[in-house]
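Colleague: One structure follows; several queries about it will come next.
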Amino acid sequence: LHRIDSRHSRDDIPLEDQETEGQRQLKSLLHHQLDTSVSIEQCVSKRRCFAPAALYKPFGEEAAGTCTLPQFQALQESNKEAAALRELGLSDAEIQFWKTHLKGWGTRAPEAIRERIGAIEEKMAERQRILSLPQRFAGSKQLSRREMEIESSLFQGTDRHAFLRVLYHQGAWPGAPGVLVGGRGRQLGEVAGCFIA
């Protein structure tokens, strides 16, 4: 197979004999997976950080027994709301506090409530920001704009190599939108030490 890169694209090579970046990455991952001479130190050094998973609580405990249709629908709606808040990273105590806050202030000190609500809103906003970042395979290779154009033009109009697209992504070019993470400029979606790239 002939490799295709940004320096030259040969038109005289049949399309079936050209090796795309996705195929190269797949081959590299396969060789890495078949390598049996891996030590524990190497595995620990490649450790990735994942976003915490949301807790799943099955619906049904509250609805056990006899209830009317409006009661069941209210329970179901409350369960959906709690699940959505749980996906935003809130604990059960924070969810309960948030729900009581929405119903009314109660008799507690308003300043303490505002502080706690502010902390919960910040936590929800941060989790929403992380979830909205583009997620990529941790081993995907960054390609230049030219290399991405070559990759997309090789098999344009066919789904033949669509599954290989997760193995590479377009890198930054001058003037690309960036965001400050940890005091250093990083491309949008890049979080230091996390699986989200």
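The values are calculated or read from the model by the stated rules, or taken from the named source; none is laboratory data. Everything quoted here is computed from the prediction, not taken from an experiment. No Cβ is skipped: glycine too gets one built from the backbone with ideal geometry, and neighbour counts run over all protein chains shown.
Colleague: Hey, could you check region 99-115 for residues that are of a type in the set (A, V, I, L, M, F, W, C) and either assigned to a loop (DSSP other than H, G, I, E, B) or closer than 20 Å to Leu85 by Cβ (or both) and say which is modelled with the lowest pLDDT?
Modeller: The qualifying residue modelled with the lowest pLDDT is Trp105.
Colleague: Report yes if Gln42 is surrounded by 10 or more Cβ atoms within 10 Å (Cβ to Cβ), in a helix (DSSP H, G or I) and at pLDDT 75 or above, otherwise no.
Modeller: yes
Colleague: If we scan region 134-149, do we find a residue that is part of a helix (DSSP H, G or I), modelled with pLDDT under 65, of a type outside the set (Lys, Arg) and closer than 17 Å to Gln25 by Cβ?
Modeller: Start the filter on region 134-149 by keeping residues that are part of a helix (DSSP H, G or I), which leaves 145-149.
Right, trim to modelled with pLDDT under 65 and you get none.
Within region 134-149, none of the residues are part of a helix (DSSP H, G or I), modelled with pLDDT under 65, of a type outside the set (Lys, Arg) and closer than 17 Å to Gln25 by Cβ.
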